[in-house]
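Data block below; observations after.
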Amino acid sequence: MRDVAQRAGVSIATVSFVLNDTKPVTAATREKIERAMNELGFRRNMVARALASRRTRIIAMAYPALDHRFGFSGAEFFTSAAEAARQRDYHLVLWPVGNDGMELTELVGQGLVDGVVLMEVQLDDPRIAILERTGTPYALIGRTTSPEELPHVDIDFDTTVAEGVSHLHGLGHRKLVLIAGNLDDPRFHNYGPYVRAEAAYRRMMAEYGLETIVIPCADTTRAGQDAAAQAVRDHPDTTAILILNEYAALGVASAVNRLGRRVPDDLSLLALLMAPETAALSDPELTFLRTPGPELGQLGTEALIRQLEDADPLPPHLVPARLHIAATTAPPPPVKPRRQRTGKSAG
C-alpha cells in the first residue's frame, strides 16, 4: 500500500479509503491511485475490503435459468448490466434462482452480495417478499401488478406491440395470428412479459376491429414449428404472423416454407422481441422489434447502485422495443377472385 501511495503521490490513508470505500475520494485522485495499482500489479484484497466496509461490492442478477432459455436477448441484459456495474466499481454475478425463492433466500442469507437485480418478474412475485423481509436492496427488470412503489425498469409492451401490429396493418394485413407465450404452463401463467404482451395485442386488435387469434407456444424451435403448422392449418387465410419468443420465431420461420407458404410473398413474419443476432439466423432475415436488453440491463443496475450509495432513486423506466424492418414483411398477396359457376344454357 505504501508503494501505491508513493507512486500516486497521495497518503497511505487515501489509498486505504479507495481500497475499502470508507470515505469519498475525488475521481481524479481515485484514477491516480488505480493507475498506480495497475502499474505496480497491486490487487485488492476483496475479503479485507468487505470486512472493513461491511460491503462486498458484489451484486447479483437473479435469473430463473432453469425455466427460461438464455438466448442472445438474455445475454444482452447481463453483459450491459455487468458493464454498468464495472463502471461503478462493482462486480456483477449471474445467479440462477427458482421462482419459489429458495435459492434467493440462500444467496442473501450468506451475505455474499450487497444487492440483487431481479429479472423475469412475475405479476405476483414471492421473491420480492424475501428481499423485503431480509432488508436486501433490489431493483426489478420487470413489473408486478402493483409496481408503483417498487424500483423497476421494464419493456413498454403496449408501445412495442402497437408498433408491430401497426406495421403489418399499414402494409394491408387484416388476417393476423399471434404466436404467444404459453400461459397454460404453470411456470408462466403469472409471467409478466407473456401476460402483458398478449393483453396489448388483444387491445390493438380490438381497436382495429380485427379478429383476435392467439396460439400459445413454448419458447423452443420445435414448438414454433408446431405453432406455425397449427396457424396454417386452422387459419389458412392468415397473411401475417407475429411471434413473441426468440426460439419459437426461428421455428416458425424454418417451418413456413415446408408448409407451402413463401415468406413474405404469401405470409409475413414479425418477431415481437428479439436480438439482432437471432434475427440474422433466419433465412430470410426476420423483421423484428429489438429487445431493449442493453438499456434495461444498464438501467436496472443503475437503479440498484443508487440505492446502495444512498443517491437519488432512479425513476421507473418503460423502454419500448424498436422496429427493424428486414426481409419477412411485405404487403399481403392479392385476394384471388372466386370463380362463379355458369349454368348450362338450354338448347
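Structure notes:
- Of all residues in region 209-230, at least one satisfies being modelled with pLDDT of 95 or more and on the phi > 0 side of the Ramachandran plot.
- All positions within region 184-198 that are out of contact with any helix residue (DSSP H, G or I) (no Cβ under 6 Å at 6 or more places or on another chain), more than 25 Å from Pro236 (Cβ to Cβ), touching a residue at least 12 places away in the same chain (Cβ under 8 Å) and not aromatic (Phe, Trp, Tyr): Asp185, Arg187, Asn190, Gly192, Pro193, Val195
- Within region 80-127, being among the hydroxyl-bearing types (Ser, Thr, Tyr) and in contact with a Pro (Cβ under 8 Å, 6 or more places away or on another chain) holds for one residue alone: Ser80.
- Filtered by the rule that a residue be modelled with pLDDT of 95 or more and among the acidic types (Asp, Glu), region 299-319 gives a lone residue, Glu302.
- Criterion: closer than 26 Å to Gly98 by Cβ and among the hydroxyl-bearing types (Ser, Thr, Tyr) - qualifying residue of Tyr208, Tyr247, Tyr201: Tyr247
- For beta carbons closer than 8 Å, sequence separation of 6+ or different chains, a first residue in region 30-47 that is modelled with pLDDT under 70 and a second that is surrounded by 12 or more Cβ atoms within 10 Å (Cβ to Cβ) and among the basic types (Lys, Arg), the qualifying pairs are Met46/Arg57.
- So Ala129, is it among the small types (Gly, Ala, Ser), at pLDDT 90 or above and either in the same structural domain as Ala200 (by TED's automatic domain parsing) or in a loop (DSSP other than H, G, I, E, B) (or both): no
Residues checked against (1) under 25 Å from Asp156 (Cβ atoms); (2) among the aliphatic types (A, V, I, L, M); (3) at pLDDT below 95:
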| residue | (1), (2), (3) |
| --- | --- |
| Asn182 | yes, no, yes |
| Tyr201 | yes, no, no |
| Ala240 | yes, yes, no |
| Ala249 | yes, yes, no |
| Pro264 | no, no, no |
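- Residue in region 86-106 that is at pLDDT 90 or above and assigned to a helix (DSSP H, G or I) present: yes
- Some residue of region 214-227 being more than 23 Å from Asp283 (Cα to Cα), surrounded by 15 or more Cβ atoms within 10 Å (Cβ to Cβ) and touching an Asp or Glu at 6+ places or on another chain (Cβ under 7 Å): yes
- Lone unmet requirement of (1) of a type outside the set (Asp, Glu); (2) in a strand (DSSP E or B); (3) free of Cβ contacts under 8 Å to residues at least 60 places away in the same chain for Thr145: (2)
- Lone qualifier among Thr239, Thr159, Thr220 - being in contact with a Lys or Arg (Cβ under 7 Å, 6 or more places away or on another chain) and of a type in the set (S, T, N, Q): Thr239
- Subset of region 172-211 (residues that are part of a helix (DSSP H, G or I) and either in contact with a His (Cβ under 7 Å, 6 or more places away or on another chain) or surrounded by fewer than 16 Cβ atoms within 10 Å (Cβ to Cβ) (or both)): Ala199, Arg202, Arg203, Ala206, Glu207, Tyr208
The values are calculated or read from the model by the stated rules, or taken from the named source; none is laboratory data. The shown structure was predicted, so the numbers you read here are calculated from the model rather than taken from an experiment. Virtual Cβ from ideal backbone geometry, glycine too; neighbours counted across all protein chains shown.
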